[in-house]
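*Asks:* Take a look at this one; I'll ask things after.
The values are calculated or read from the model by the stated rules, or taken from the named source; none is laboratory data. As the structure is a prediction and not an experimental result, all values here were calculated from the model. With ideal geometry, Cβ positions are generated from the backbone for all residues, glycine too; neighbour counts draw on all protein chains shown. Calculation scope for accessible area: heavy atoms of the full protein, side chains included, ligands and nucleic acids excluded. Shrake-Rupley method; radii C 1.70, N 1.55, O 1.52, S 1.80 Å.
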Amino acid sequence: MIKNLYRLGKALQTDNKFSAYFTPWQNPFPKVDPDKAKVIYFNIRDGKVDGAYEIEPFKPALQKNYLYRKPQGARGAPLVPTDYFYPSGKEEDHLENVRKLISRLGRAFPDGESQYFFSQGQKEEALKHIEEQLATFRGNPDDRYLLTFRINGKWLGEFEENIALFEAEAYSKYYEKSHAKDRLCALTYEKSPEVWGRVDTLGFTINDLTFSRGGFNPTDSYKMFPASPDAVKILEGARRFALSKLTRNFYSMQYFIIPHFIQDDDEAMLEAIAGLVRGNQDDNSLQNQSRSIFNNEQVIADIIEEKGLAKQGVFYDIFFFQKKQAQFAIKLHLTDILPSRFSRIFEAKGKIESRYRRVNRITTKKETFEFFVTFSRIQRYFSNKANNEVVFHPFFYRILESVFYGQPLDDASVVKAFMDEIRQSFKQRHEDKNRYQFQTKDAFALWHFFLELDLFNYQNRHEMEEKPVPLTLDEFIGAHPDFFVEPYKKAAFFMGCLTELLLQAQRERLKNEPFLEKLSGLNLDDQGLRILFPRLQEKMAQYKDHIYNYEYSASKGDIQRLRATVAQILMEPCNASRADISFAFTSGLVMQKEFTQYQIKLRKAAKAEATSEE
């Protein structure tokens, strides 16, 4: 990643419109409407603040003059007295904001004699004057304000000592503890008069503790990855651009996608980056996010469709990270992904959505929620919440690798994770009776998404059709031969269907579903099926009038056939795991409702047609 970032930075440097990313000062208003960005400044003349403040529109061309850089930490002070000012319509809040700003300015102005004031007394007098002036300022609540100063008619950035201060603050961390002379740069492969050894762009760092444990001296880190000063500045510019223009959120993580080419090609790189930036700026509504494989799939869709993004010789890296204060924690780095792989993923995604949409669609009184294959949906089975933050299980990162690299995925681990989440919801069914059913249908579809990408080790996998799955039992079984390749999974599914027929009768007669308590919390193995089967037959006999007489139930012959099939399989040795059996049983329990609703729909349509003919 670090070398690809360097290549990105080299390409960006060839276009003047990106020059701001390669300076130690920053644009204070990168995402603010230019008409709403304002600069408030005080004039300091001969060591004293000269009168009231002045206001003018923010001018991006003067960023070097303003000298803004985000302070380190929540309570940090700016390097020079340039900072945001937040006026408020509420008197108490406004005065508190002014007080905090004066505190930061007080730390930005050096004590004693300086370029600003001739004495400590003049500094304190100036701060008091500034506070009084700002206390009465309200401004436009829609505008954003940057406060700065001019000294004897010059902006702060017109003083060389301030520029040097910014340069030192921005880059000193790279060389203070580790540097050397006349070494080969690891990025340019050229000898440099000086190299720095503490490169930490996007998490690539030499940590004192880990380095020491390995028997190394941290001051010698330049030996591992020496970088010339110019190369470091290019890396920093690329990092700022990626964070500003390419980064998207994914729950508690962030990620971005960057291209790289077999042969360095600055023009092709800029063309590809322009396409990615456009895709990143497209509709980011909650509705669009819910449909995407990430938060916004337009970026990946563009990679597949645009010539500049899918040309021969281009690869993509996806970088997942968490930013905590000034540190980056790398979560996952996917490298060298071809556009054709993105295309393969989207083909599988589209096929699965077409197959399972009518089964997995959720309809409420107010709205309908369509089914889409997304990592947002997948992560529900491979994460938990801690302090209101989504924490991904390690296996979720393994899934990301498998999907984008086409590497095998452990079927047993996937099904176990599915069932762990489904069982938990089943236990809580008295709070939400439908949740475990929705989760089961989603899990069934996602299992087939992984299967469609050939991530499971199935010999001679059957080709899936893109048309909607059939909603009759026998056709449904026939449409999923790979899922039901193990006979015990078919027996478990049939038992799930039979159980739902019994529950249907209990709901009619008792307005309750007591037999759900006999299902061992959906934690069933082959022995569990053998124990449950006679209990199920006994109860079905008890409710036979309701089961066989229900207009839309399975026929008596179908029920007897299912019983006979289950009885035969349960006498044979079992090769299916507890998780597989539980998943198949739960799938049958849930899908039988869909089969019943489909029969209701067909018979009502037939009745309506017969009535119209009369």
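*Asks:* Counting only protein heavy atoms, what percent of the accessible surface of the stretch 382-500 is carbon or sulfur at a 1.4 Å probe?
*Replies:* Looking at the stretch 382-500 in its full context, I get 46 percent from C and S.
*Asks:* Hey, can you find the accessible area per residue of the stretch 414-475 for me, probe 1.4 Å, expressed in square angstrom?
*Replies:* On the way: 3080 Å² over 62 residues.
Ligands and nucleic acids excluded, the figure is 50 Å² per residue.
*Asks:* With axes computed from alpha carbons, what is the tilt in degrees of helix 120-135 against the longest principal axis of the chain, rounded to the nearest 10 within 0 to 90?
*Replies:* Computed tilt is about 50 degrees.
*Asks:* Moving on to the next point. Quick one: accessible surface of M1, probe radius 1.4 Å, all protein chains present, in square angstrom to the nearest 10.
*Replies:* Approximately 40 Å² for this residue.
*Asks:* Now, a different point. Which of the lysines could be linked to K177 by a straight reach, that is with a Cα gap under 16 Å, when you skip same-chain ones fewer than 8 residues away?
*Replies:* Cross-link targets: K223.
*Asks:* Next question, about the same structure. May I ask for the distance between the Cα centers of the stretch 437-454 and the stretch 461-487, given as a whole number of Å?
*Replies:* Between the Cα centre of the stretch 437-454 and that of the stretch 461-487, the gap is 13 Å.
*Asks:* Toward the positive end of the charge dipole of the stretch 507-548, about the Cα centre and with charges on Cβ (Lys, Arg +1; Asp, Glu -1), which of P534, L524, H546 goes farthest?
*Replies:* H546
*Asks:* For E113 and D230, what does the FRET efficiency come to when R0 = 35 Å and r is the distance between their Cβ atoms, rounded to the nearest 0.05?
*Replies:* 0.45
*Asks:* Next question, about the same structure. Would you work out if the chain is rounded, prolate or oblate? Take a ≥ b ≥ c from the square roots of the eigenvalues of the alpha-carbon gyration tensor; rounded if a/c is under 1.5, else prolate when a/b is larger than b/c, oblate otherwise.
*Replies:* Note, shape of the chain comes out prolate.
*Asks:* Go ahead and estimate [θ] at 222 nm for the chain from helices alone: -39,500 (n - 2.57) per DSSP H run with n ≥ 4, summed, over the residue count, rounded to 500.
*Replies:* -15500 deg cm²/dmol
*Asks:* Still on this structure, please answer the following. Relative to the longest principal Cα axis of the chain, at what angle does helix 578-613 sit, 0 to 90 degrees, rounded to 10?
*Replies:* That helix lies at roughly 70 degrees to the long axis.
*Asks:* At a 1.4 Å probe, what is the % contribution of carbon and sulfur to the accessible area of the stretch 132-198?
*Replies:* Percent of accessible area from carbon and sulfur atoms in the stretch 132-198: 47.
*Asks:* Can you send over the carbon and sulfur percentage of the accessible area for the stretch 562-611, probe radius 1.4 Å, protein chains only?
*Replies:* Of all accessible area on the stretch 562-611, carbon and sulfur atoms account for 55 percent.
*Asks:* Follow-up. Under 23 Å Cα to Cα from K539, which lysines show up? Leave out anything in the same chain fewer than 8 places away.
*Replies:* Cα-Cα hits under 23 Å: K427, K433, K489, K490, K511, K518, K556, K593.
*Asks:* Another question about this same structure. Post the alpha-carbon centroid distance, the stretch 341-371 to the stretch 24-65, in whole angstrom.
*Replies:* 50 Å
*Asks:* Give me the extension gain from L62 to E194: residue separation times 0.36 nm, minus the current Cα-Cα distance, reported in nm with one decimal.
*Replies:* 44.4 nm
*Asks:* Same structure, new question: Label-point separation (nm) for K31 and L510, each offset 7 Å from Cα along Cα-to-Cβ?
*Replies:* Between K31 and L510, the label points sit 5.4 nm apart.
*Asks:* Just tell me which lysines come within less than 21 Å, Cα to Cα, of K38; anything on the same chain fewer than 8 places away is out.
*Replies:* Excluding near neighbours in sequence, the set is K59, K64, K70, K90, K100, K154.
*Asks:* Solvent-accessible area of E401, probe 1.4 Å, all protein chains present, reported in Å² to the nearest ten, please.
*Replies:* 50 Å²
*Asks:* What accessible area per residue, rounded to a whole number of Å², is obtained for the stretch 350-396 using a probe radius of 1.4 Å?
*Replies:* Value returned for the stretch 350-396: 55 Å² of accessible area per residue.
*Asks:* To continue, here is another question. Any idea what the relative contact order of the chain is, in percent, if you count C-alpha pairs under 8 Å spaced at least 6 apart?
*Replies:* 10 percent
*Asks:* Compute the signed sum of charges (Lys and Arg +1, Asp and Glu -1) over the other residues within less than 13 Å, Cβ to Cβ, of D474.
*Replies:* Around D474, the charge tally is 0.
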